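The values are calculated or read from the model by the stated rules, or taken from the named source; none is laboratory data. Every value quoted in this text rests on a predicted model; they were computed, and no experiment measured them. Positions of Cβ are backbone-derived with ideal geometry, glycine not excepted, and every protein chain shown enters the neighbour counts.
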Amino acid sequence: MTSAELLFRLAALNTHYANAIDADRLEDWPGFFEEVCLYKITTAENEKRGYAAGVVYADSRAMLSDRIAALRQANIYERHSYRHIIGTPSVRSEEEGVIAAETPFLIVRIMRDGKMDLFATGVYRDRVSQAADGELRVAERIVVCDSPRFDTLVAIPV
C-alpha cells in the first residue's frame with residue numbers, strides 16, 4: 001500500500017470503530033478485531049513501569065463479544081455515551097503485512113442528564129493486518145490513557 005492509502009485506511013478503520021461505539025452499536029465493535037487479538041486498556045504510568053495487567057484485558061474476539069453481552073444483560077452502571085475525537089494515525093512500521101500504528105484520541109463522556117466531561121485522552125497503540133475480505137482488522141489494540149484515574153467504571157469500550 002502507498003503511505004497515503006495506508007493512512008486513509010487506518011483513519012477510516014478508527015473512524016468506523018469510534019462511530020460504532022459512539023452510536024451505541026456495541027455489537028459491531030468486536031468485528032473490528034481479528035479472531036485472536038489483544039485488547040487492553042492501561043495507563044501511561046503502568047505502561048512506563050512495564051505492568052502487564054490492564055483496566056480491561058481481552059485476548060480474543062469472543063471475549064470482546066462476551067464483554068458486550070455482559071454490558072447489555074448483566075452489568076449495572078449509570079448509562080452514558082461517548083464522543084470520540086480521533087487524531088491522525090502515525091505508521092510506526094509495516095512488516096510482513098502487519099502495520100504498527102499509533103493514533104491519539106480524546107473521549108468526552110455524556111451522561112443521561114446531559115452533563116459532559118472529558119473522560120479520557122491517550123493513544124491507541126495498534127497492530128493491524130489485512131483480513132481475507134480485504135478489510136483492515138485490529139490484531140492488537142493497547143489503549144494507553146494519559147491519566148491514571150478513571151472516575152467511573154470503564155464499561156463501554158474505549
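Each residue in segment 23-49 was checked for being in a strand (DSSP E or B), aliphatic (A, V, I, L, M) and under 22 Å from G87 (Cβ atoms), and 2 of them qualify.
What number of residues in segment 57-87 are at pLDDT 90 or above and assigned to a strand (DSSP E or B)? Number satisfying all stated conditions: 8.
Selection within segment 118-158: residues that are of a type in the set (D, E) and within 16 Å of the chain's Cα centre (by Cα). The member of this set that is nearest to I76 (Cα to Cα) is D146.
Residue selection: E34 satisfies the criterion of being surrounded by fewer than 18 Cβ atoms within 10 Å (Cβ to Cβ), modelled with pLDDT of 95 or more and touching a strand residue (DSSP E or B) at 6+ places or on another chain (Cβ under 6 Å). Considering A20, A52, the condition of being assigned to a loop (DSSP other than H, G, I, E, B) and within 20 Å of V138 (Cα to Cα) is satisfied by A52 alone. Of the residues that make up segment 60-77, is at least one closer than 30 Å to D113 by Cβ, among the basic types (K, R) and surrounded by fewer than 18 Cβ atoms within 10 Å (Cβ to Cβ)? There is at least one residue in segment 60-77 that is closer than 30 Å to D113 by Cβ, among the basic types (K, R) and surrounded by fewer than 18 Cβ atoms within 10 Å (Cβ to Cβ).
In segment 34-59, the qualifying residues are those that are touching a residue at least 40 places away in the same chain (Cβ under 8 Å) and of a type in the set (D, E), and the one that is farthest from K115 (Cα to Cα) is E34. Here is a check on your reading of the model: is G54 small (G, A, S), at pLDDT 95 or above and under 18 Å from A120 (Cβ atoms)? In short, no. Conditions first: (1) out of contact with any His (no Cβ under 9 Å at 6 or more places or on another chain); (2) surrounded by fewer than 17 Cβ atoms within 10 Å (Cβ to Cβ); (3) among the basic types (K, R); (4) over 19 Å from T43 (Cβ atoms). R149 passes all but one, so which condition is the exception? With (1) out of contact with any His (no Cβ under 9 Å at 6 or more places or on another chain); (2) surrounded by fewer than 17 Cβ atoms within 10 Å (Cβ to Cβ); (3) among the basic types (K, R); (4) over 19 Å from T43 (Cβ atoms) applied to R149, the lone miss is (4).
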